[in-house]
Amino acid sequence: MARKMKVLFCSSEVEPYAKTGGLADVAGSLPVALKDFGVDVRIVMPKYRCVKINGDKDLLQDNVPVYFVENEEYYDREYLYSTPEGDYPDNLDRFVYFCKSALEIAKREEFSPDIIHCNDWQTALIPVYLKTIYAGDGFFKETRTVFTIHNLAYQGLFPGQYWDRTGLPQELFSIQGLEYYGKINLMKGALLFSDYITTVSPTYSKEIQTPEYGFGMEGILRDRSERLTGIVNGIDYSVWNPSQDKEIPQNYDVKSLDKKVINKQHLQTEQGMGIGRDIPVIGAIGRLTDQKGWDLIAEVVDDICNLNLQLIILGTGEKKYHEIMEEIAKKYPEKTSINLRFDPVLAKKIYAGCDIFLMPSRFEPCGLGQLISYRYGTLPLARETGGLADTIIDLTEDSRNGTGFLFKEYKGKALLDAIKRALEFYHNRKAWRTVMRRVMKLDYSWKNSARQYLQLYKEIKNLPTALNVR
Ligand code: ADP
């Protein structure tokens, strides 16, 4: 029998232990799916205050070992990375410590990995350390690194004068190394030093090679395009399952579609909106940041609210968007329900109770909302970018295979036009139900994506390790 592939999966957040966004969903599911394929996969993450585990080890879903990096001073805090006032000032030290500890834990556990799979800037120093400080360490001789970009907008930038804290040689603080306009850029380090780079959708992997989406990294990414690919995320089909979900008022499946409307009525009642099974309910859930396109909604909110629909929003984030949302709530109390908090239970009720799920993102590496809404028979309406472009087929263009509604231009009017198209389609109840069934049968479980990652790990094992400092 072939030897088991050994993978150390490093992530700064893992569902159900700690979560601020989609990365946690990925880190909580992909390793479990890899384990099902026979991979010996183990996770490393920081032990934040919210991690309610005794000791420094646990088993995720009774199956995947998780090692927690402990350090009270660094991780025993209310938030993961930032307070409402801003980032923790010692984030560099916190994640330098995390990256070094991840490697030391592998040694302590005598777990010599074939692949170290790193995710986002918090883990970006691991590939760099392996090819510098640990270069002579036989323990990692056969180890290859994969670095996954979940969001290029967050690169881990720190003042140049902190360089010594990284423990890296001075010559790496240069344009060919981790320097970026006088600052330390951790993500840049991973893009240069990892053996392979992935992103979470094929379209995003192309987009980030252009100035519009590259956040300054487009040159390096173009240079490394032969070792850059995109694999769409899956979602955990046991968590997101309308037929068994305990958090929604009424369970249903593709054979009992009629029951979905009970969730809609509950949502309308609970949120103080008028009840009506024929009023289309549009939902949106996400971080209130520039990425997610809330400004487009704000731009045309008067036109949107003039239509026969209800709008329910759940999100938390930047102050300016909280204020915009509060304005909208005040102006349209009957037509909208604005919820400015993090609330996983309400999120599920929205996925289940809505007809349309809105994602007008400026950019979207993969996006999970559209995949979750498919599962609940809710049709996505999204901007054609990144993972949204890869996972949604526009119904207006292709009614036989369509799964939702797309618009291209980042303009309020384009969003409004798409909403009007969706509403028109909505009133053809028979066609709508056909599409509901179609999307509920799609398979975006982790199995597919995990298979692609495994294939990639195997290919990378056979590649010569690359030192890519230009
Ligand atoms: P990102 O990772 O950019 O935040 P994704 O679409 O990939 O966006 O993943 C967001 C995840 O977080 C989804 O599971 C979504 O339902 C959840 N989520 C975002 N905001 C909230 C919120 N305010 N309350 C509950 N869940 C939320």
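The values are calculated or read from the model by the stated rules, or taken from the named source; none is laboratory data. Because the structure is predicted, anything quoted here is derived from the model rather than measured. Virtual Cβ from ideal backbone geometry, glycine too; neighbours counted across all protein chains shown. Side chains are part of the model used for accessible areas, which takes the heavy atoms of the whole protein and leaves out ligands, DNA and RNA. Shrake-Rupley method; radii C 1.70, N 1.55, O 1.52, S 1.80 Å.
Pairing each residue of region 217-235 that is over 22 Å from Tyr453 (Cβ atoms) and free of Cβ contacts under 8 Å to residues at least 12 places away in the same chain with any residue that is surrounded by 15 or more Cβ atoms within 10 Å (Cβ to Cβ) and of a type in the set (A, V, I, L, M, F, W, C), provided the two are 6+ apart or on different chains, yields C-beta distances under 7 Å for Glu218/Ile208. Scanning for something at pLDDT 95 or above, in contact with a Ser or Thr (Cβ under 9 Å, 6 or more places away or on another chain) and over 24 Å from Thr145 (Cα atoms), does region 52-75 turn up at least one residue? Yes, the conditions are met somewhere in region 52-75.
Hey, can you tell me all the residues within region 279-295 that are assigned to a helix (DSSP H, G or I) and open to solvent by less than 20 Å² (accessible area, probe 1.4 Å)? I'd like the intermediate steps shown before the answer.
In the first step, residues of region 279-295 are kept if they are assigned to a helix (DSSP H, G or I); the result is 290-292, 294-295.
Result: Gln291, Trp294.
Checking the stated criteria, Leu314 turns out to be within 14 Å of the ligand (Cβ to nearest atom) and within 28 Å of His427 (Cβ to Cβ). Listed here are the helices (runs of 4 or more DSSP H) enclosed by region 339-397 that have at least 2 residues being within 8 Å of the ligand (Cβ to nearest atom) and modelled with pLDDT of 95 or more: 344-353, 369-375. Among the conditions (1) open to solvent by less than 10 Å² (accessible area, probe 1.4 Å); (2) assigned to a helix (DSSP H, G or I), Ala298 misses just one, which is (1). Screening Tyr332 against (1) out of contact with any Cys (no Cβ under 7 Å at 6 or more places or on another chain); (2) modelled with pLDDT of 95 or more leaves a single unmet condition, (1). Among the residues of region 62-102, the ones that are open to solvent by less than 40 Å² (accessible area, probe 1.4 Å) and in contact with a Cys (Cβ under 9 Å, 6 or more places away or on another chain) come to 4 in all.
Taken together, the residues in region 1-44 that are more than 16 Å from the ligand (Cβ to nearest atom), buried (at least 23 other Cβ atoms within 10 Å of the Cβ) and either assigned to a loop (DSSP other than H, G, I, E, B) or free of Cβ contacts under 8 Å to residues at least 40 places away in the same chain (or both) amount to 3. With a requirement of 1 or more residues that are more than 16 Å from the ligand (Cβ to nearest atom) and modelled with pLDDT under 95, none of the helices (runs of 4 or more DSSP H) lying completely within region 190-231 satisfies it.
Look at region 99-123: where a residue is more than 16 Å from Val66 (Cβ to Cβ) and a partner is open to solvent by 40 Å² or more (accessible area, probe 1.4 Å) and not in a loop (DSSP other than H, G, I, E, B), sitting 6+ places away or on another chain with Cβ atoms under 6 Å, you get Lys107/Phe139; Ser112/Phe139; Asp114/Lys6; Asp114/Lys461. Do we have any residue at all in region 299-308 that's closer than 24 Å to Ile248 by Cβ and either under 20 Å from the mean Cα position of the chain (by Cα) or more than 10 Å from the ligand (Cβ to nearest atom) (or both)? No, region 299-308 has no match at all. When Gly402 is tested against the conditions (1) open to solvent by less than 10 Å² (accessible area, probe 1.4 Å); (2) within 16 Å of the ligand (Cβ to nearest atom); (3) not aliphatic (A, V, I, L, M), the lone failure is (2).
Scanning region 417-461 for residues that are basic (Lys, Arg) and in contact with an Asp or Glu (Cβ under 8 Å, 6 or more places away or on another chain), we see that the one that is modelled with the highest pLDDT is Lys447.
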